[in-house]
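Here's the structure, in structure tokens; my notes come after.
Nothing in this text is a laboratory measurement; each read-out follows from the coordinates by a stated rule. Just so we're clear, the structure is a prediction, and the values are computed from it rather than from any experiment. With ideal geometry, Cβ positions are generated from the backbone for all residues, glycine too; neighbour counts draw on all protein chains shown.
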Amino acid sequence: MIDLTGHSYGRWTVLSFAGRDKYRHSMWQCRCSCGTRHTVVGINLRDATSKSCGCLRDELARTRLT
């Protein structure tokens, strides 16, 4: 397992290892640039499947609607 602590992926910054899910995927405690904390699957961080807590989607939607 690669230690992702301190690395940034999109708007996520990895804070610590949070264990494994029922499929044995590594879970990481992360903080989004907006301040939200959430547990994210490591493969979703590395593959850029998860870029933020949802604030990025909301921000992009606001810019498209204006």
Of all residues in the stretch 33-66, which are of a type in the set (Gly, Ala, Ser) and closer than 17 Å to Ser8 by Cβ? Ser33, Gly35, Gly42, Ala48, Ser50, Ser52
Can you go through Leu60, Leu56, Leu4 and tell me which one is touching a Leu at 6+ places or on another chain (Cβ under 7 Å), without any contact (Cβ under 8 Å) to a residue 60 or more places away in the chain and not in a strand (DSSP E or B)? Leu4
Can you tell me which of (1) at negative phi; (2) of a type outside the set (A, V, I, L, M); (3) loosely packed, with under 13 Cβ neighbours inside 10 Å; (4) not in a loop (DSSP other than H, G, I, E, B) is the one Gln29 doesn't meet? (3)
